[in-house]
Structures are given as structure tokens and as C-alpha cells.
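No value in this document is a laboratory result; all are computed from the given coordinates. Here the structure is a predicted model, which is why all the values come from computation and not from measurement. Glycine also receives a Cβ, built like all others from the backbone with ideal geometry; neighbour counts cover every protein chain displayed.
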Amino acid sequence: MFCVECGREGPTIDGLCAEDFRKRHPIVRPPEAIDASVCADCGRIEMGKGWARVDLEIAIPSLLRERIPVDPRASRVTFTHTSRAEDPRNLDVAAKVAAQIEGLDLVESFRVRLRLKAGLCPTCTRRHSKYYEGILQVRTETKDLGPEDRDRLVGFVEAAVARRSAKGEEVFISKIEDVRGGTDLYLSSNTAARSIARELADAFYGSVGSSPKLYGQKNGKDLYRVTYLVRLRGPSSGGRGHGTK
């Protein structure tokens with residue numbers, strides 16, 4: 001086989017060698033600029049499958065694949081790049097795309113500006129709106145919480161939330177409210193609130209009771225906010241024990 005354009009012998013696509021085919025049919029048709037939303041609070045980047053906690057340089061190949069049209073016949077498409085910051089919100093990206101079309105290997109270079117737009121991911125949007133699903137009501141059986149006990153118990157819950165967040169759970173404390181007889185902690189996840197209530201009761205010799213309240217529906221399913229009353233026998237005693245749950 002030979003190329004009908006230049007006469008070069010070898011594999012062809014539609015009668016054209018790889019170089020002449022690419023001239024007539026670019027692998028990609030990049031726009032002048034593409035956009036990426038970055039959460040102003042946590043730095044997550046909005047990707048095709050959701051918001052990801054990933055370094056921007058690692059995210060760029062995926063952003064290129066998601067936002068730049070590729071010849072539908074292309075397979076084994078990969079992007080590589082180098083980038084240069086023009087200013088805090090714009091990057092000049094020099095990229096290469098490699099692909100196969102009808103078994104022929106093709107490589108093409110292009111440039112595109114990546115514009116970073118400030119936004120808020122769903123988790124941080126919920127945090128700003130003080131969203132919550134579960135309430136931990138921390139009380140003692142014998143006395144009101146003193147400042148030291150209060151700080152110790154709140155610190156316990158904060159550490160439990162931090163551990164879950166570090167593992168990728170979407171959980172945070174929306175509000176901490178000191179009330180007569182104890183402290184209320186509002187958590188974004190009912191599952192986490194239930195689990196932490198049990199941990200708190202185990203650690204400080206207490207018991208857990210719960211009271212659900214319907215607050216809405218989603219996709220035909222009832223949504224509940226649950227209040228967990230954690231009644232502790234003696235937070236000042238320290239140590240870990242087992243309470244009645």
C-alpha cells in the first residue's frame with residue numbers, strides 16, 4: 001500500500017499515510033481554553049465522575065480527555081503534558097495526544113489554556129449551609145459538664161470525625177452548641193453520628209438512646225434526622241469501658 005497524497009509506501013488510513021491523514025483529520029480539535037472548577041474551601045477538582053482530592057498536575061490528563069473532542073474512531077487514547085502558570089487562575093498547557101486509528105499509531109501536539117474557576121464542592125456547600133443528619137446530645141448522669149470535661153468530650157468527637165474524614169468519608173461537624181446540662185454536636189452524617197455515639201459511650205461508661213425525626217424525602221425514600229442521647233456516668237474518670245447500648 002502507498003499514500004495517495006505523498007506516494008510513501010506503508011500502512012494507510014483511507015489511502016493516506018499517518019502524517020497526511022493527521023493533516024486532514026486531526027485526532028483532537030481543542031478549543032482555545034478549557035475550564036476546571038476548584039473548590040475554594042478544600043481544593044478538590046471537579047472531574048467527570050465527581051469532585052476529587054487530587055493534585056492539579058495529576059488531574060490535567062483526565063481533564064484533557066473529558067473536555068477535548070477526540071476523533072470517534074480513535075482508540076488507546078492517552079494524553080501527556082507540561083504546564084506553565086500564566087497567573088494564579090490560568091495555565092498554558094502544552095499537550096500531546098497519542099492514539100490508534102485502524103491500527104495506525106498517531107501522535108499530535110497542541111496547546112490549550114486551562115482556566116481555573118473557583119467553586120464549592122457538594123461537601124463544602126453543605127458545610128456552609130450548616131447541613132446535618134445526626135445530633136449527638138452529650139449529657140452526664142450526675143452533674144452538668146464542666147469546661148474540662150466538655151472540651152475533652154468535644155475533642156473525642158472531633159478526633160473521631162477527623163479519622164473518618166482522613167479515610168475519605170464525607171463527614172464534618174456542622175455546629176457545636178453548649179446547652180443546659182451538656183453539649184449538642186451536629187454531624188453531617190447520620191451513620192457517623194450513630195457510630196461515634198457508641199464509641200463515646202464505650203469510652204466514658206455511658207449509654208445511648210436515639211430518636212428519629214422525618215425531615216423530607218429523596219427519590220421516594222424517607223429521610224430522617226436522628227438525635228442520639230449519649231448519657232455518660234463519669235467523663236472525668238478517663239479510660240475505656242463498656243456502657244449499655
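Out of these labelled values of Rg/Rh (Cα atoms, Kirkwood Rh), [x] 0.99; [y] 1.25; [z] 1.04, which was calculated from the coordinates shown here? The value computed from this structure is option [y].
Structure remark: mean-square fluctuation, Gaussian network model of the chain, C-alpha springs under 10 Å; the largest value among 117, 175, 213 belongs to 213.
Within a 10 angstrom radius of the beta carbon, how do 34, 196, 176 rank from fewest other beta carbons to most? Each step should come with its number before you reach the end.
On the way: 34 17, 196 25, 176 14.
The fewest-first ordering by Cβ neighbours comes to 176, 34, 196.
Averaged over residues, the count of other Cβ atoms within 10 Å places the peptides 181-194, 124-137, 145-158 in the sequence 181-194, 124-137, 145-158, highest first.
Going by C-beta contacts inside 10 Å, put 226, 107, 38 in order with the fewest on the left. Mind showing how you got there, number by number?
Numbers: 226 17, 107 13, 38 20.
Ordered by Cβ neighbours within 10 Å, fewest first: 107, 226, 38.
Name the residue, out of 67, 115, 76, whose mean-square fluctuation peaks in a Gaussian network model built on the chain with Cα pairs under 10 Å. Among 67, 115, 76, the largest mean-square fluctuation in the Gaussian network model of the chain belongs to 76. Of the residues 58, 173, 45, the one that moves most in a GNM of the chain with alpha-carbon contacts below 10 Å is 58.
Set the Förster radius R0 to 45 Å, insert the Cβ-Cβ distance between residue 159 and residue 77 as r into 1/(1 + (r/R0)^6), and round the FRET efficiency to 0.05. According to the calculation, E is roughly 0.50. Calculated mean residue ellipticity at 222 nm for the chain: -7500 deg cm²/dmol, from DSSP H runs with n ≥ 4 weighted as -39500 (n - 2.57), summed, divided by the residue count and rounded to 500. FRET efficiency for the residue 98 to residue 219 pair, using the beta carbon distance and R₀ = 35 Å, is estimated at 0.25.
If the only charges are +1 at each Lys and Arg Cβ and -1 at each Asp and Glu Cβ, what is the size of the charge dipole of the chain around the Cα centre, to the nearest 20 debye? Around 960 debye, computed over the chain. Summary of the geometry: segment 37-88 and segment 91-120, compared by the centres of their Cα atoms, lie 9 Å apart.
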